[in-house]
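Down below is the structure, laid out as structure tokens.
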Amino acid sequence: MSHGHRHDHGHHHHHHGSADAASLPPALDLSVPDGELTPGQLSRRSMLRRTGLLGAGLTAGGVLGGAGEAAASTGRTSASHSARSGGYLWLAGDHHIHTQYSNDGKYRVADQVRNGARYGMDWLVITDHGNATHARIGVEKVNPDIREARAAHEDTLVFQGLEWNVPAAEHATVFVHPGRNEVAVLKQFETDYDGGVKGATASTPANEALAIAGLSFLADQVRRHKVKDALMLANHPARKGIDSPHEIRAWRDATGPGHRIAVGMEGAPGHQAGGIAAPLGMGRARGIYDNSPSANSFPGYPLESYRTWGGFDWMTSTVGGLWDSLLAEGKPWWITANSDSHHVYADTAVRGGPESDYTANGKHTDPVYGGRLDLTEGDYWPGQYSRTHVGATSFSYQAVMDGIRAGRIWVDHGQLISGLNARLRSAGRAVTLGGALHVRRGSRVDLVVDISLANGPNWAGFVPSLARVDVIQGEVTGPVSDRDAFSTPDTKVVKSFEVNKSAGTVRLTYSLGRVDRPVYVRLRGTDGKRTAVGPMGAAVDPAGPALDVVGDADPWLDLWFYSNPMWVLPA
């Protein structure tokens, strides 16, 4: 049981180095004086300072060995615009973004990247929808725009990916490391393995097998050095109820621990403005999670799984639910949070005219000024509301992908906090998010969490206030006999900290005691404005996120952050 997990985590930390490792871009490098920056770089630095993200590092003190401390010794982490956590640069990003190359999109790549940079994003993935037109011409056509954006925004890493129609299931982000074969690999993958292109959307065993074949194809492209790396993250997994537990487990396990392709899911979907009440908003649901079961849905899911809870997907928000059932197996599966940006709430742009012919051109015409605020859309710009923070060893494409695969990820809504440094410690050794701490049976283990509170207004114009932080702990019980299990009885909130401070940093410590069996811990925090007893009852989760109200769920009045887990594996 624990041996299998040890093998996975051993892989996570083998490849901290990166052939394309680069120094920090000028706007983030505090050794570069303001006077030497271009106007665009100076604007970005000013924004980061104003929001408290530049040089706001926490004093982690080098609790991680190896590459983490090596990175700290370079001095780069002091220039990070997020936390100096164990030597890692915590780079904020978004892996789910649409452009005019999506059949339902509107914006240019330049629009999304420029706004992502404006809202503090260090890395972005362009993920236009997989479909016959995109597979035929869109993959090639978007690439020059992406390369132009890379050149224009040296402070932002821009990946090319696509939103995969997973055969027999929902959507997923697939993206690759930039390189000469990025278009060819994505094009072949989409042509051969996209459920929409192949007419393979029904929940059948044959279509499920096609999804696994697609992941195996990506792993093979990496092994053959066609691309340096590839990753898959499941998008809005509970939205339609068609991502069954056994499919998620199959994706996770498809390519083995040597080079995993499917590594996680959106813990919180995009479309977060969808719940703003009419007439000032769409009047729908946060995440556009207002669906009902269909013929392809997994019949075991309850009706409440089709809604968000505090803006988060039911699979993630339920303590003791599906995400915890995966973690209790002792295998990694990470969460993210993204914009799914198609059409931005209160924007003035409209799709460019009646001559737009997506099928013929592989893209819509450029957007134009529409003359009014559009209050009928449910999206935000990348970074405006949702952020995924990845612990990287350098400012580079490979370091971001390595950090995602390793699970060094925490997510937040509405800039609820500015930084998070969590670690498990025992006898002078420590691990951070995504890590596994190997200890002698019966060793004392402590959780230490440093949080940098919000020290500037968010993009809605107010300074968020963190009210409470919860420690969630579960036992590692090993592989499940039922691959469709979506609950685990041994996970619960074990400690809640009230945060009686409005600025600066707070340190929280929790003792796990003397640990004699494998366990994991994860963190969750809230502004405390909307809470409810969790689906598994008050003994498991006395004050979790509340079920979001369809048609009246202002996302700025219900803010949460979540971390990925850390394990303790005694031997």
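Observations on the structure shown:
- Count - residues of the range 538-551 that are closer than 19 Å to S386 by Cα and of a type in the set (D, E, K, R): 1
- Filter pass, A467 being under 20 Å from Q415 (Cβ atoms) and surrounded by fewer than 15 Cβ atoms within 10 Å (Cβ to Cβ): no
- Condition broken by D412, with the remaining ones in (1) in a strand (DSSP E or B); (2) surrounded by fewer than 24 Cβ atoms within 10 Å (Cβ to Cβ); (3) of a type in the set (D, E) satisfied: (2)
- Residue in the range 172-188 that is hydroxyl-bearing (S, T, Y), out of contact with any Phe, Trp or Tyr (no Cβ under 9 Å at 6 or more places or on another chain) and either more than 30 Å from S46 (Cβ to Cβ) or at pLDDT below 95 (or both) present: no
- Hey, A117 surrounded by 24 or more Cβ atoms within 10 Å (Cβ to Cβ), modelled with pLDDT of 95 or more and part of a helix (DSSP H, G or I) or not: yes
- Set F462, F486, F497: member being aromatic (F, W, Y) and either in contact with a helix residue (DSSP H, G or I) (Cβ under 7 Å, 6 or more places away or on another chain) or in the same structural domain as D253 (by TED's automatic domain parsing) (or both): F486
- Residue among G199, G130 that alone is in the same structural domain as D111 (by TED's automatic domain parsing) and under 20 Å from N235 (Cβ atoms): G130
- Number of residues in the range 441-479 that are farther than 29 Å from A503 by Cβ and either in a loop (DSSP other than H, G, I, E, B) or among the β-branched types (V, I, T) (or both) equals 7.
- Taken over the range 136-149, the residue count meeting the criterion of being crowded, with 22+ Cβ neighbours inside 10 Å and either in contact with a Phe, Trp or Tyr (Cβ under 9 Å, 6 or more places away or on another chain) or among the acidic types (D, E) (or both) is 4.
- Residue within the range 370-379 that is closer than 20 Å to M121 by Cβ and surrounded by 23 or more Cβ atoms within 10 Å (Cβ to Cβ) present: yes
- Across the range 161-186, the qualifying residues are those that are assigned to a helix (DSSP H, G or I) and surrounded by fewer than 19 Cβ atoms within 10 Å (Cβ to Cβ), and the one among them that is nearest to the chain's Cα centre (by Cα) is V183.
- Hey, G267 among the small types (G, A, S) and either surrounded by fewer than 24 Cβ atoms within 10 Å (Cβ to Cβ) or in the same structural domain as P565 (by TED's automatic domain parsing) (or both) or not: no
- Matching residues in the range 245-272 - criterion: being within 18 Å of the chain's Cα centre (by Cα) and in a helix (DSSP H, G or I): I248, W251, R252, Q272
- Candidate set from the range 202-228 (those that are free of Cβ contacts under 8 Å to residues at least 24 places away in the same chain and part of a loop (DSSP other than H, G, I, E, B)); member that is nearest to the chain's Cα centre (by Cα): H225
- Of all residues in the range 494-543, those being in a strand (DSSP E or B), surrounded by fewer than 20 Cβ atoms within 10 Å (Cβ to Cβ) and of a type in the set (S, T, N, Q) number 5.
The values are calculated or read from the model by the stated rules, or taken from the named source; none is laboratory data. Please read all numbers here as calculations on a predicted model, not as lab measurements. Every residue, glycine among them, receives a Cβ derived from its backbone with ideal geometry; neighbour counts consider all protein chains shown.
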